Each structure stands twice: as C-alpha cells, then as structure tokens.
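Trainee: Pasting a structure below so you can have a look.
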Amino acid sequence: MISTILRKHKFHMMKKRASGATAGALPVDLSLASNLKAIKAQLGARSDLDERKFTLEQDKPVQAALIYLEAMTDLAILNDNVLKPLMQMQQAPKENLMSHILDSVLTVAGSRLETSLSSAIQDLLEAKTLILVDGETQVIVVDAQAMEKRSVTEPMTESTIRGPRAGFVEDIHANLALIRVKLRSSDLQIEKYVIGRRTNTEVCIMYLRGIVKKELVAEVRRRLSSIDIEGPLDSGHIEQWIEDAPFSLFPTVGNTEKPDIVAGKLLDGRVAILVDTSPVALTVPSVFADYFKVAEDYYSRPFYSSFTRVLRYVAFLNSVFLPAFYVALENFQKELIPEGLIRGFANAREGVPFPLALEVLMMIVLYEWLREAGVRMPRPIGQAVSIVGSLVIGQAAVSAGIIGAPTVIVIASAAITTFLVPPLQDVSAMFRVIAVLVVSVLGLYGLFLLLYAMLVYLVDLRSFGIPYMTPLAPMRLNEWEDFIFRAPLQWLSRRPASMEVSDQKKLDSVPPPPNKPFGNNRR
C-alpha cells in the first residue's frame, strides 16, 4: 500500500515537472544572433559545437546558420544534401520560407520543423543538425547523424549450436529492426518513452496487439512513467526500477540479447522493453521456469531438448545444495555415507587443519575470485588465469594438506553446473554460501529447512501479477507440456494460460500425419 502511494506521488511530481518544463519552453526568436546566443548559453562550453553561417540569396540577402555537433554528424550529408542546395536555392516565397526549404530544397529524409528552441536544442544533443534563418520563428531539424555502431554479431553470453545467431547492439533502432524482421505483423505495437532528466534516454516497449493482456501493458506503462532518475545507463537500471521485489535474490524480469527469444516472448503475450545504448532487452512477466528454457529447445527435436532441460533443473539444485549436502553428511550424518566412501573421505581429510565448513567456504570464495578475475581481465589473460589458477592452486592446496581432495571435487562440480543456467548464476552463488552456513549449524535438518523456506518464498513471489512458480504453484497441468519436458511442437497449440492473453490459440488445427509412400517397396 505504501509503495503504491509513493509510486503515485512520484508519477504526479513527474507530470508536474514535465508540465512546468513545457510551460517554460524557450521560443524561437526572430533574431538569428539571439537564437545562436541562447543555444550557446544553454549548452555552455562545448568544443564539438560547430556553427556554419551562410547567406540565402533572396530579394534581400538573408543570414542563416547551421548548428551541429561535429563528432556526431555526417559532414558529407551536410555538405551535399543541406548546405549546397541551400546556397544554390533560387527565389523563394517570403511568407513560407521555412516550409519551402523543407519541402522543395532539402534532400534529407527525416527533416522537420520545430517551433520551440528548447526542443531544437534537445534534438541537437541527439546528433541532429539545426537550420536557423534570420527573421523566422521556426527551426528546421535535419537528421544527418553519423556515429560509430557495433555490427550485429552473435552474443557471447547466449551462443547456440542451432538457430539464429544475430544479437542486439547498442542502437535501439537497429534492435527494433531485428525484431521487426522476426514479427512482420501489423499487430506489433511500439511505444516510445524518454527517461532520465540528464540523459534523455529513449526507451521502447513492444507488444502484440490482440494477444497481450491490456492490463499488463497498462502496468508496464505505469511503472515506466514512475521512473524519475538522472539517467538509465543500461537496461539493468530500468529492470531494478520496475521489478516487483527489488530485494529478492531471484530475478523477476527476464533479459536477453537475442531477437528470436524476444519474438518468442511477444508471441506468448509478454511485453518487451528496449533501452537505447543497451544490447540487453527486458521481457515481462518472467517466471522461474523461464530461466531453464533456451531458444534452442524449440529448434531441436523434443527428446533431446527435454533431456537437456532436465539436466538444467538438476544442475541448478546441484550448484546450490551439493556443497551444503556434503558438509551435512560429513559432519552430522556420517551413517548415511557408504563405508568405503567414508573411509576415502577420512583418508583424504587426514591432516587438514580447518573444519570442513570453513574449508568449503574457503574453496567457494577462491572459486569466485578466480571466476571474477577471468571475467574482468583481458580475454587471453583471463582464460589463462581461470584455467592455470584453478589447476595450480587446487593441486597445490591438496598436496600441502590445506584442502581435502573431496572438497575440491564437490566445489568444482557445483561450479561447473552453475553455468548450465546462466541467468541464475548470481542466485546459485549466494544460496551456495547461505546453505553452507545454515548446514554448519543445523546439519541436514537445516538444509531441508532452507529448501522449504526457499519454496515458500518462491510460491509467494510475483512478476507483474503472475505467480512466480507457475505452472507448479498454482498447479496448471495444461502448461506442463512445456515445463520440465518439452512436448512436440504440434502439442504446443495454446499459449500459457497464466499469461491471461486475449488469444489463447497458437494452432487452429493439428497438422495431419504424413502420407504413406505410394507403391509396394517389397520385392
């Protein structure tokens, strides 16, 4: 209740500031010199701000000027399609000079008129070029930007063996085009927002009209409108502002760098959020089962896809609970370990000076150090540090009797299985430490108690009103065909009922079985 009141208050304050800014907008002055002075006063000292004055040949010569940011402007377009046609322009009507220039002189697509100098200055900061003419109260905004952009490549964090390899880049317009290629439908809707008092970052939401639940779109709009920060530098900032549980260890907003995954989410009735300068798109709502599904599951045959999905569920449980389970058995429930195995454990830990729980925690911290070093250092050096560091330090620690060999095996197994579910790596790392601390005090009972508490918390969690553990809780058997196992595509004829979409059907009818071959092949 309190959070709702605060969000509404913040939204009204934002609207009030926006209306105040509109009311105090700076108009375009008749004097060219006054306009140039106002622009320079607004922008302050900028070495990349260029000004090119020229004369329009009319009955009486008229002074004009181009204002642009040199580092963000294509000078070839400016010279050939703007400046040259203007200087060669013949007699133009005095009454509608700016409209005549826009309609009959300029050869740059995306040009338009602007009556507010404040809005024109904002366009200038977005790499646009301004044309100002003495005696005119309008400004022509020309799109002649030229900035270095990263080409579309396969994302390093979501590589696939079979399937599309294109990934998002930092340009939001290129990302929108990548999704439009996947969804060539008139129902694809795109809404633009500008967030950030200082950055004025462009944010777009996408959804499929006729499929998505209208209340979901309204809720996304409300949460985006309530954001009041200086500037989102990445989609991660937006994610933390719109998620249901900011203090939860489990993510409630999905993220991906692949257009085909976003297209699939939109077809399921979800909403995508794209942020300019960020190659990561957000999708809402996002439930727990989504993090164990990958796009390749739907490009491969169902049997192997189901097998690998089961492996991911088992890998997540292994990465979180295996070290704690090892500590619980070794310290509290030794009678559950086979006699031959416990004898091997005892021999391996003979002479180790640290308690088992401390030993496991030391290895977990050491692994996190090596992983962080491998990620932050330059790639060739980082790989060497990760591989050589793990082998050398692990072997040296075992040889010196500081760490037992079973502990190294357990931590290595937990670390490897962490990478099978990349979106939940941070969750696995945090819960792994928590589980070891709980088990070191309460034993195996503490492990089951922690698992029970985790399940209760997950069942209570929501993502934009959708239960986080659906289709397990609440139980929706009609969605189990794409939960733990992946059924054949012919069976996935309906969208998830938990999304409450307007159009539930994906397939109008099941395809008929293939015809038998003609003729008799027997001899």
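The values are calculated or read from the model by the stated rules, or taken from the named source; none is laboratory data. Remember, predicted model here, so these are calculated numbers, not experimental data. Positions of Cβ are generated from backbone atoms using ideal geometry, with glycine treated the same way; all protein chains shown enter the neighbour counts.
Trainee: Within region 69-156, considering only helices (runs of 4 or more DSSP H) that don't extend past its boundaries, which have at least 3 residues that are at pLDDT 85 or above and of a type in the set (A, V, I, L, M, F, W, C)?
Mentor: 75-78, 117-125
Trainee: Now a separate question. Inspect all residues belonging to region 79-90 and state whether any of them is within 16 Å of residue 136 (Cα to Cα), without any contact (Cβ under 8 Å) to a residue 40 or more places away in the chain and either surrounded by 12 or more Cβ atoms within 10 Å (Cβ to Cβ) or more than 48 Å from the chain's Cα centre (by Cα) (or both).
Mentor: no
This table checks each residue for (1) in contact with a strand residue (DSSP E or B) (Cβ under 6 Å, 6 or more places away or on another chain); (2) among the β-branched types (Val, Ile, Thr); (3) farther than 18 Å from residue 444 by Cβ.
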{"residue": "333", "(1), (2), (3)": "no, no, no"}
{"residue": "337", "(1), (2), (3)": "no, yes, no"}
{"residue": "346", "(1), (2), (3)": "no, no, yes"}
{"residue": "350", "(1), (2), (3)": "no, no, yes"}
{"residue": "355", "(1), (2), (3)": "no, no, no"}
{"residue": "365", "(1), (2), (3)": "no, yes, yes"}
{"residue": "368", "(1), (2), (3)": "no, no, yes"}
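Trainee: If the requirement is being within 30 Å of residue 263 (Cβ to Cβ) and out of contact with any Asp or Glu (no Cβ under 8 Å at 6 or more places or on another chain), which of these qualifies: 152, 105, 142, 133?
Mentor: Just one listed residue meets the conditions, 152.
Trainee: Is there a residue being surrounded by fewer than 16 Cβ atoms within 10 Å (Cβ to Cβ), of a type in the set (A, V, I, L, M), part of a helix (DSSP H, G or I) and over 18 Å from the mean Cα position of the chain (by Cα) anywhere in region 168-191?
Mentor: Checked against the condition, which is being surrounded by fewer than 16 Cβ atoms within 10 Å (Cβ to Cβ), of a type in the set (A, V, I, L, M), part of a helix (DSSP H, G or I) and over 18 Å from the mean Cα position of the chain (by Cα), region 168-191 yields at least one hit.
Trainee: Identify the residue in region 381-437 that is over 32 Å from the mean Cα position of the chain (by Cα) and hydroxyl-bearing (Ser, Thr, Tyr) and, among all such residues, is modelled with the lowest pLDDT.
Mentor: Filtering first and then ranking leaves 399.
Trainee: Tell me, which residue of region 216-243 that is of a type in the set (Val, Ile, Thr) and surrounded by fewer than 17 Cβ atoms within 10 Å (Cβ to Cβ) is nearest to residue 461 (Cα to Cα)?
Mentor: 217
Trainee: OK, next. Residue 191: acidic (Asp, Glu), free of Cβ contacts under 8 Å to residues at least 40 places away in the same chain, touching a helix residue (DSSP H, G or I) at 6+ places or on another chain (Cβ under 8 Å) and not assigned by TED's automatic domain parsing to the domain that holds residue 67, yes or no?
Mentor: When the stated conditions are applied, residue 191 passes them.
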